[in-house]
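Bear in mind that the values in this text are calculations on the coordinates, not laboratory data. Bear in mind that the values here come from a model prediction, so they are computed numbers and not experimental data. Methodologically, a virtual Cβ is constructed for each residue, glycine included, from the backbone with ideal geometry; neighbour enumeration extends over all protein chains shown.
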Amino acid sequence: MRNWIVAGNWKMHNTTGESIALAQAIKEGTKDIKNGEVIIAPPFTSLFSVGAAIKGTQVSLAAQNMHHEDKGAFTGEIAPGMLKDVGCTYVIIGHSERRKYFHESDEDVNLKVKKALAVGLKPILCVGETEDERVKGVTQSIIDTQIKKALSGVENIDNVVIAYEPVWAIGTGKVATSAQAEEVHHFIRGILKELYGAVSKDIRILYGGSVTKDNISELIGMENIDGALVGGASLKPDAFLGIINQITGKK
């Protein structure tokens, strides 16, 4: 049985002091969890301090992005080794905001996935369609392309987590129905089975997109939904812990 994951993507929020306080609240609220995994992704400026605050606990540290080179003249970028140095075990790759605002291509995402795995970081690979693409009925085609290009040349996906985030549901208050989400999650697992065979049944696939403690219960009850990548609700301890508590009662 796959262990669930709840990952909080804090995006461009919180000073270092605010990040430490939030991390400590989450650490305290998850100290008795045994059957799942909690991940938090603070902004780069808070990674070191948050990593120190959660060291030795049930909470894992993730970065929100990284460069695919080990070092070099890439002003403003962060190398994978720097992330490991401050205690990261996960890195979010290919988030729709990176694709939209910073023009990251599927090829860029592929380079980052391969580099993350090569240095021992676990990528949380984000995929998802826009509202226009869903209306046009090309959701599966978009997802198929994003996953196959992102995983091109990747032989072992044991440490890869997939996050399905319909772009139209991120920060909008709109949420895919449990049936809509399960349909895409089932499709993703089929792609993984096509590419990697039986191991696909063990890969965790998360749902993201305006997740709250009020809608997660129905989503997590679906066969192929293994947790959530949470945005806004991860910035408030009660909201984030509420999501986790709902999941622990289901999985």
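Ile20 sits among other residues whose Cβ lies under 15 Å from its own Cβ, and their net charge, with Lys and Arg +1 and Asp and Glu -1, is 0.
Round to a whole angstrom and tell me the spacing of the C-alpha centers of the range 102-152 and the range 55-90. Measuring centre to centre over Cα atoms gives 19 Å.
A Gaussian network model of the chain, with springs between Cα atoms under 10 Å, assigns the largest mean-square fluctuation among Lys71, Lys149, Lys114 to Lys71.
Arranged from fewest to most other beta-carbon atoms within 10 Å of their beta carbon, His95, His186, His103, His67 become His103, His186, His67, His95. Note on Phe74 and Ala25: their simple-model spin labels are 3.4 nm apart, each label 7 Å out from Cα toward Cβ.
Rounded to the nearest whole Hz, the Karplus-based 3J(HN,Hα) values (6.51 cos²θ - 1.76 cosθ + 1.60, θ = phi - 60°) of the range 85-95 follow the sequence 4, 9, x, 6, 10, 10, 8, 7, 10, x, 4, with x at glycine and proline. For Ile5, the amide hydrogen comes within under 5 Å of the amide hydrogens of Glu37, Gly227, Ala228, counting only partners 5 or more places away or on other chains and with H modelled in the peptide plane. Neighbour counts of other Cβ atoms within 10 Å put Met82, Met12 in the fewest-to-most order Met12, Met82. For a modelled paramagnetic label at Thr177, 7 Å from Cα along Cα-to-Cβ, the residues of the range 212-241 in reach, with backbone nitrogen under 19 Å, are 212, 214-225.
Cβ crowding within 10 Å, taken as a proxy for footprinting-reagent exposure, orders Tyr164, Tyr207, Tyr90, Tyr196 from fewest neighbours to most as Tyr196, Tyr90, Tyr164, Tyr207. If you take all other residues with their beta carbon under 15 Å from the beta carbon of Ala233, and give Lys and Arg +1 and Asp and Glu -1, the sum is +1. From the alpha carbon centroid of the range 23-47 to that of the range 176-204 is 26 Å.
Taking a sphere under 15 Å around the Cβ of Ala118 and counting the other residues whose Cβ falls inside, with K and R at +1 and D and E at -1, yields a net charge of +2.
Evaluated with a Cβ-only charge set (Lys, Arg +1; Asp, Glu -1), the chain carries a dipole of roughly 440 debye about its Cα centre, given to the nearest 20.
Principal axis analysis of the Cα atoms in the chain yields extents of 46, 45, 34 Å, listed in decreasing size. Estimated at 0.36 nm per residue, the fully extended path between Ala198 and Ser105 surpasses their Cα-Cα distance by 30.6 nm.
Under 5 Å between amide hydrogens, built in the peptide plane, is the criterion, and for Ala163 it picks out Leu125, Cys126, Val127, Leu206 among residues at least 5 positions away or on other chains.
A helix-only calculation puts the chain at -12000 deg cm²/dmol for mean residue ellipticity at 222 nm, using -39500 (n - 2.57) for each DSSP H run of at least four residues, averaged over all residues.
Convert each backbone phi in the range 100-106 into a coupling constant with the Karplus relation 6.51 cos²θ - 1.76 cosθ + 1.60 (shift: θ = phi - 60°), then list the ³J(HN,Hα) values in order as whole Hz, x for Gly and Pro. Result, rounded to whole Hz: 6, 8, 10, 6, 6, 8, 4.
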